[in-house]
Amino acid sequence: MRVRDVNSVPWRRAELPAVGGFGTARSVARVQALLADRRADGAARPSSPSLPSLSRAVRDRARQEQFAGVDRVLGVPMRYGLGYGLFGTACGWGGWGGSLTMVDPAAGMAVAYVTNQMREPGDDQRGLEIVMAAYDGLQGRR
């Protein structure tokens, strides 16, 4: 696949479950916050059943290890849950263009970084830098 293909209108109109999600960083983080046992607005889990939430069983299942070993594509040791890489107490994943999400239930945090344009892989660390800055910000709150 070429970057110009995934930047095309036909690509964006296609229904490709593993790669077809589009959203703002805020909207992605709001959805991921449910996995961190937070409401979509970042507040503590709702007591009202009318507000979106996920049960503990669903949150635990998403983070339950499904695979541990060397990833055949990345060539590095990895742990995976259901749709997420597992990183200590956190889970998340990144995309080809640099977008990523990180959810850390122990910290009560969900972070998302999205780009508005696909580009060739390289040394772009902006998403990781934003996740690290979020952790740094949490240190001041404890």
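We did not get these values from a lab; they are worked out from the coordinates using the rules stated. Owing to the predicted nature of the structure, the values given are computational and were not obtained by experimental measurement. Backbone-built Cβ (ideal geometry, glycine too); neighbour counts: all protein chains shown.
Other residues lying with their Cβ under 14 Å from the Cβ of residue 88 contribute a combined charge of 0, Lys and Arg counting +1, Asp and Glu -1.
Can you pull the semi-axes for segment 82-142, root of five times each eigenvalue of the Cα gyration tensor, sorted largest first, whole Å?
On the way: eigenvalues 96, 40, 14 Å².
Calculated on Cα positions only, the semi-axes equal 22, 14, 8 Å.
Just flag the chymotrypsin sites (Phe, Trp or Tyr not before Pro) in segment 86-126 sitting in loop per DSSP whose Cβ has no more than 16 other Cβ atoms within 10 Å.
Values: sites: 87, 93, 96, 113; in loops: 96.
Sites meeting the loop and neighbour criteria: 96.
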